[in-house]
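Coordinate-derived values only; no laboratory data. None of the values given here were measured: they were computed from a predicted structure. Cβ placement follows ideal geometry from the backbone for every residue including glycine, while neighbour counts extend to all protein chains displayed.
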Amino acid sequence: MKDVISQILPYLTPSEQAVYLRLWRLTHAEEKSRCAMRYEDLARFAHVSVSTLKRVLKKLAHRGLVQVEWQAKRASLFTVYLRS
């Protein structure tokens, strides 16, 4: 898995790297396929603003690296994909 991560990271901006690595840590490093988290908490853990997080998640989803299932008044579900 580390090889896949090292192949992906050079093509991501620093903000995209921070969010993707945080989500990867919460999922694959914990041997889970998905995690649930509020946008505000994920932004804080990745050290980005909420608006940057939203923009980054759209880009990561467009690249097929992340799937986000937004839920009103609940934590969003994030699925992280490893693609080379």
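Largest GNM mean-square fluctuation among LEU23, LEU53, LEU12, using the chain with Cα springs under 10 Å: LEU12. For the chain, averaging the sequence separation of C-alpha pairs within contact (under 8 Å, six or more residues apart) and dividing by the residue count gives a relative contact order of 37 percent. Compute for the chain: radius of gyration divided by Kirkwood radius, i.e. Rg/Rh, restricted to C-alpha atoms, rounded to two decimals. Answer for the chain: 0.93. Within the listed set TYR39, TYR20, TYR11, the Gaussian network model of the chain (springs between alpha-carbon atoms below 10 Å) gives the highest mean-square fluctuation for TYR11.
Directionally averaged projected area (segment 17-57, Cα convex hull): 2.6 nm². In this simple spin-label model, placing a label point 7 Å from the Cα along the Cα-to-Cβ direction at both ASP3 and ARG25 gives a separation of 2.5 nm.
Free of any trypsin sites (Lys or Arg not before Pro) that DSSP assigns to a loop and that have at most 15 other C-beta atoms within 10 Å, the longest stretch within the chain is 1-31.
Considering the chain as a Gaussian network with a 10 Å cut-off on Cα pairs, which listed residue, ALA61, ALA43, ALA72, attains the greatest mean-square fluctuation? Result for the chain, Cα springs under 10 Å: ALA72 fluctuates most. For the chain, the Cβ-based charge dipole about the Cα centre amounts to some 240 debye (Lys, Arg positive; Asp, Glu negative; other atoms uncharged).
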